[in-house]
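Asks: Please find one structure pasted underneath; my questions will follow.
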2 protein chains.
Amino acid sequence: MSTTALTNRAYRLRSRPVGAPAEGDLELVSEPVPEVADGQILVRTLYLSLDPTNRLWMSDMRQYSPPVELGEVMRGIGIGQVVESRREGFEPGALVSGYTQWQEYCVAGPEAGFFPLPDPLQAPATAYLGALGHTGLTAYVGVEMAEVREGDTVVVSAASGAVGSIAGQIAKDQGAYVVGIAGGPENCRHVVEDLGFDAWVDRTAADWREQLVAATPKGVDVDFENVGGEVMDQVLMRLNFRARIILCGMISQYDAAGSDWQGQVHIGQILMQRATMRGFIITDHADRFLDAMTYLGEMYGRGKLRYEETIVQGFEQAPGALRRLFTGEKTGKLLVHVADPS
Amino acid sequence: MSTTALTNRAYRLRSRPVGAPAEGDLELVSEPVPEVADGQILVRTLYLSLDPTNRLWMSDMRQYSPPVELGEVMRGIGIGQVVESRREGFEPGALVSGYTQWQEYCVAGPEAGFFPLPDPLQAPATAYLGALGHTGLTAYVGVEMAEVREGDTVVVSAASGAVGSIAGQIAKDQGAYVVGIAGGPENCRHVVEDLGFDAWVDRTAADWREQLVAATPKGVDVDFENVGGEVMDQVLMRLNFRARIILCGMISQYDAAGSDWQGQVHIGQILMQRATMRGFIITDHADRFLDAMTYLGEMYGRGKLRYEETIVQGFEQAPGALRRLFTGEKTGKLLVHVADPS
């Protein structure tokens, strides 16, 4: 296949969102696909992973990696198929995962972090963007950092979300009493009945504070925090002696404007209970990926790792679908289906 | 000496303060000194240590040890002299440190945690309530938990206070670049010129935020936090990758009423910078006391451990002097002189 025959469609960042991303912040442009240089591969995007961090990268707040510059192609992780290869270990036709960015075709070298998926696949390809991909790794490393012990009460926020749903199942697999905080009765039912959590708290209910107290009769040993803000604040009031708070995400805050974006919480109980709060970003923990993948694969094999995904059809839907991360209009991992493998 | 001839004066907690402690929250009562039972000692209080935690104990907020009950003698640490002893290792005339409580005479067994001071003293007796006592131990353990490395930028709040002034000197002794946040030009001058800190930030100045930025050109690796609230919030915005925040105290918050007492801070940078925040209370770290005492004694011997103290004269002044901890009207360790040794 000659790459010169191919046209790429890509989303370029035109303006930084204020609050929720709006029409026009991302512009869909058609561009020729560049030549594949030595050491590079041409990848056709099949699925795009939508994650809270996408929203973060669109802003210029102080964050863990440089923001996407205005005019750049929107940053994102995806699964693709190698179309052309000038790099060893990447055969045409192979399925890969990495930074495809928000585009239909990606030409990139090692900087894009592509790695081949197992052949044959041990799970559906989309699982490698979810339970067996970066969200699963995030959940595993976070639970590991929390030093979860048998009998601990572990609270997971955004429990029906991509990371939360896996984190709760891992903690449960390790003997913890797991409480999921989720939005709405259906998501709460899901985390307990489908995923095996011990209890739920519906953050959309008027009495969610009372629900939290009732669901944590022995207090809270671990807070696996994906949300931040008011809900987190209440969880901190339930901390036990030497509790661990793992800051994995703060999705309630990413849409906030200006200097308030990070949310505020009361930290007095961290002192009083001699607790530890640790922030982490999965990319710092590459040394744990092999163990994590082995554990998650084994859990999946035992039928103990359940996941759901919401697949939005069509590349054109990607910008609009982002908001579902914040409104909760999805279950589990949110993906955009861009193309089918050849 | 017959104890039956002695009258004790003690402060009993009558009401829990709302905001700053008020007249009548503590009542000075005269009571007979009880008989000394087997295993107990009778101690005459010489100096009383005034610490932010005294204020905390007067409230019934969720805290690290039970609050003082209404009607109980106010809890406090002091230095005293043994008057009568029915306990091995405590000779009459010996100087001791422990929970004298807020009273002129204390009859207590091992539960009060008394230990004899070195004989002869290696420093003035009052130092054993400060730089060589529990405040010095607190500073040492906190710096140790922060894993201070040579060249780190360490910010110490309440830098002219009892714990902060020692913590900064220890960090400096270990090769860090130390920035002290203090209230007013004189306290700022003190921490740099007398204590050897590298830079200061005057939290009472209109431009304290700009001062903080200017004083931390390389960001902040360690926040040794004694204050909490707005000042801490700004320090968090300066955190470097893998920064450590040691929560030693939150004095700005102890006087606050109701559920707001713990203050709120933005924790987004803890996630973004993969920082760690740890709360600690010195009483959990008894296993470090011997090393700490050795280190502090050696520093003092080298002339590298400087401390100041503000001694308020007279037991009657104790309740009124408490507020100085919160207004900053004192330098270094705050003590009340109750009596002289015989």
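The values are calculated or read from the model by the stated rules, or taken from the named source; none is laboratory data. A quick note: this is a predicted structure, and the numbers were derived from the prediction, not measured. With ideal geometry, Cβ positions are generated from the backbone for all residues, glycine too; neighbour counts draw on all protein chains shown.
Asks: Six or more apart or on different chains, Cβ under 7 Å: which pairs go from a residue in the stretch A:268-295 that's more than 10 Å from every other protein chain (Cβ to nearest Cβ) to one that's of a type in the set (S, T, N, Q)? Could you list them?
Replies: A:I282/A:T138
Asks: Consider A:S65 carefully, then state whether it is assigned by TED's automatic domain parsing to the domain that holds A:Q317 and surrounded by fewer than 15 Cβ atoms within 10 Å (Cβ to Cβ).
Replies: yes
Asks: Now for a separate question. Give me the pairs, please: first residue somewhere in the stretch B:164-189 and within 21 Å of B:A205 (Cα to Cα), second residue anywhere and acidic (D, E), beta-carbon distance under 7 Å, and either six or more positions apart or on two chains.
Replies: Between residues of the stretch B:164-189 that are within 21 Å of B:A205 (Cα to Cα) and residues that are acidic (D, E), the close pairs are B:V178/B:D198; B:V179/B:D198; B:A182/B:D202; B:G184/B:D202; B:P185/B:D202; B:C188/B:D202.
Asks: Taking the stated definitions as given, is A:F114 more than 25 Å from A:G161 (Cα to Cα) and among the aromatic types (F, W, Y)?
Replies: No.
Asks: Continuing with this model, one more query. Residue check: is A:T100 part of a loop (DSSP other than H, G, I, E, B) and of a type in the set (S, T, Y)?
Replies: yes
Asks: What is the residue count in the stretch A:144-165 for residues that are more than 18 Å from A:G219 (Cα to Cα) and of a type in the set (V, I, T)?
Replies: 1
Asks: Which of the residues belonging to the stretch A:39-60 are within 14 Å of chain B (Cβ to nearest Cβ) and touching a helix residue (DSSP H, G or I) at 6+ places or on another chain (Cβ under 6 Å)?
Replies: Passing the criteria: A:P52, A:R55, A:L56.
Asks: Considering only helices (runs of 4 or more DSSP H) fully contained in the stretch A:154-255, which possess at least 1 residues that are surrounded by 18 or more Cβ atoms within 10 Å (Cβ to Cβ), out of contact with any Cys (no Cβ under 9 Å at 6 or more places or on another chain) and within 14 Å of chain B (Cβ to nearest Cβ)?
Replies: Numbers: elements: A:162-173, A:185-189, A:208-215, A:229-236, A:251-254.
Qualifying helices (runs of 4 or more DSSP H): A:229-236, A:251-254.
Asks: Now for a different question. From the list B:V107, B:V68, pick out the single residue that is assigned to a loop (DSSP other than H, G, I, E, B) and out of contact with any Gly (no Cβ under 9 Å at 6 or more places or on another chain).
Replies: Sole residue among the options that is assigned to a loop (DSSP other than H, G, I, E, B) and out of contact with any Gly (no Cβ under 9 Å at 6 or more places or on another chain): B:V68.
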